[in-house]
Structures are given as structure tokens and as C-alpha cells.
1. Students often forget the sequence filter, so: which lysines lie under 16 Å Cα-Cα from Lys236 once same-chain residues fewer than 8 apart are removed?
2. Once amide H atoms are placed 1.01 Å from N in the peptide plane, what residues at a sequence separation of 5 or more from Ala125, or on another chain, have their amide H within under 5 Å of its amide H?
3. Taking only C-alpha pairs under 8 Å that are 6+ residues apart, what is the relative contact order of the chain in percent?
4. Quick check: residue separation of Arg305 and Arg325 times 0.36 nm, minus the Cα distance between them. What number comes out in nm?
5. What does the charge dipole of the chain about its Cα centre add up to, to the nearest 20 debye, if the Cβ of each Lys and Arg holds +1 and the Cβ of each Asp and Glu holds -1?
6. Rounded to the nearest 500 deg cm²/dmol, what is the calculated helix-only ellipticity per residue at 222 nm for the chain, with -39500 (n - 2.57) per DSSP H run of length n ≥ 4?
7. Check the straight Cα-Cα distances from Lys76 and name the lysines below 25 Å, setting aside those fewer than 8 residues away within the same chain.
8. On full extension of the chain, what length is gained from Ser274 through Phe345, given 0.36 nm per residue of separation minus the C-alpha to C-alpha distance?
Amino acid sequence: MTDTNEEERLGGKRTFGHGNDFSNSEVNRALRNHGSYYEGIAQDITPATMHYLLCHFDVPQTDPHTFRLEISGHVKNKLSLTLDDIKSRPAETHAVTLECAGNGRQSFAQRPKSQPWNEWAVGTAEWLGTPLAPLLEEAGLEDAVHSLVFTGEDRGIEVDEPIYYQRSLTRQDAMNAQALLVYGMNGEPLPAAFGFPLRLIVPRWYGMASVKWLSRIEATDSEFDGYYMKQAYRNKQSENDPGKDIRLQRVRSVIAPPGIKYRHQGDRLVQPGSVEIQGKAWSGAGAITNVEISPDGGQSWQDARLGEALGEFAWTPWTYNWQARPGAFEILSRATDGLGNTQPFEADWNYLGMENNSIQRVSVVVAEIP
């Protein structure tokens, strides 16, 4: 089961859906991979059972007693580490907001038939692990090293060839991105579907960089051109466009659903009077400096109150007190980060449906709740 990589093809071309025209393939993906429960956005830490999940292939069955992490390639000291070896090293716990690069793909008017994410392919968990950089220093990267290639144990067929899920970081990014080798999530052992027994977490980057079921790290003297680096997870305009790298999360905010669900289409029903609207905002490029709320479909904007970020890698909570009068409304939120990046009303379309950080809209009916 894949995200951007598993295409439906007609004559060798990617096909697109419109509106609610979901294919069986998309439905199957959505049944296997799921977004975070939207009501969980009100929680600072997302429980594992409510956190978004994406598995490209089958979940590997790895015996933790025989597991080894191999660090090889252009290194002075090859390492073969057991899980206990890794757990014996200095440990850190960080709250990290992870977001899929395809989050919001469903909102594009012409979307590729792939994992049909709405706004909820995001979550924040507390990850326990050991920093990557000291291990690379111990292995002794040779001067010629350009990239570190991370290989997971999940394996399948892509472009008619069997491959493992692999991503790379440049030497500089691998040493400076504060990446962790993780074996715990929210105070518990890493769940199987989240990468047990070991995964990579790269804070601030979109989730595709955080390789699950990690078993190999190879130091290479050239840029890595694997499928998940050069074909999938690219911001491109056509099938043949080489596209641009996808790296840091774009600034974004989401609204925790107010009131209760109303009707099958997902509107929210709230009582008239004072209503606290709350949500979360994050950015890979800088701290959140402002969140604005429009209770009237974008005609006017007011500042929300920012809470404390849960850590340097995690989202920032916000609240807004709305004096709700009877009627139908559309509530919008938009965030701005420390570099001045602000969410757009509409994100630029791209061929794979990546990096959609457009403003969220929540339909609300204000009436007495029976």
C-alpha cells in the first residue's frame, strides 16, 4: 500500500480524480492508512491509536532479539548494533509534529489518485530515542561522504522492480537536523505499524524523511537517486518534470472541531453564545508567531491567543473566543511563522499533490443543541 508512489495508469499516464470521484484503489489505501482523528487535535500529544499512519508496503515482522542496525559505506568504523546497544546510549525524548507531505491532497480540484488525505495527516507524539549524529561520528564519516542513505525493512514492487523504502539526507543535514533513532512512542515501545523496533525521526521535515523499520545506514560519496528521492515525494508539474525536493513542513494550522457533529456531511453544531475555538499550528521553517481566525468565511480576521509550543519541534496550541449567533458560518484559520510565511487561501497545484498548506475551512451551524 503506497502513497504517492502507487499510481493508477491509463496508457502509462497518471490518472486524476475530481470532487468525490474516489476510485477503489484510493478507498483501499484510505482503509489501510488513516489520518489522525480530528477530535484529537485538541490534545497536545496525539495518542498512538489516533495518530496518522502511512505504510507504503507490508509491515515487516522483525525479531528484536536478532535485529541489527548496520552502518557501513564510506566510514572508518563499520558498526553493527543491537537494539540493546542503541538503548544503552544517551536517550532523549522530544515532542515532534509529523506531517505527511501529501497532507491535504484531497483538496486539490484535480488530484492524483493516491492516498486521499484531507487535513488530518498530522500528529504530535513524544518520541524516545538516541541522537543520530554521535553514532555517525563514532562510525567516522570519510571526507568524501556526500549523503547518508537510510533503508527500512518494508519492501515491495515499484516501477516493476522490487525495492526497499529508502530516503537520504545530505551529510550536513544528517549531522545538523537533530535526527533521532527512535524506539519508543508516548512512553511505550514503538508500535509495529510505526516502525518497530527502530525508526528515524527527522524533526521539522515532512514525514517521508522519517524512515520506519530502519535497518541500514550507508554513507555514500554521491547524491542518492532512489525512487523515493527522485520520483515520489517531489513537487513537480507533470509526469516528466524532475521537480523539486520536499523538505521542511510549510506553515499550517488546523481547527479542532467545535461542538458536535451535525449531519452526515461533517458540519459542526454549536450552541449560541461564547464558544472557544481551539487548534494547533506548526511550521518547519520557524516558530509560530501568529494565528488568525475568521468566523465569517474570510471577510474579517482576528488574532487568536497563542499557547506555549510543546517543544522546539512541536506544534503550538491556540484558542479564540467566538461570540456565536444563530446561523450558518464558515470558520477559517491561518498561521504565520517567524520567517513571515503565511498560509495561502489556495496552495499551488502540483502533479503529486504535495505540500498543500492552504487555509482550512470548517462549516458550523449555530443553533440550540437538542
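1. Straight-distance partners of Lys236: Lys13, Lys113, Lys244.
2. Amide H to amide H, under 5 Å and 5 or more residues apart or across chains, Ala125 pairs with Thr46, Val96, Leu98.
3. 17
4. Values: separation 20, 0.36 × 20 = 7.20 nm, distance 2.13 nm.
Separation in residues times 0.36 nm, less the Cα-Cα distance, equals 5.1 nm.
5. So the dipole magnitude of the chain works out to roughly 560 debye.
6. Value at 222 nm, helices only, nearest 500: -2000 deg cm²/dmol.
7. Lys87
8. 22.9 nm
A short reminder: the numbers here are calculations on the coordinates, not readings from a lab. The shown structure was predicted, so the numbers you read here are calculated from the model rather than taken from an experiment. Virtual Cβ from ideal backbone geometry, glycine too; neighbours counted across all protein chains shown.
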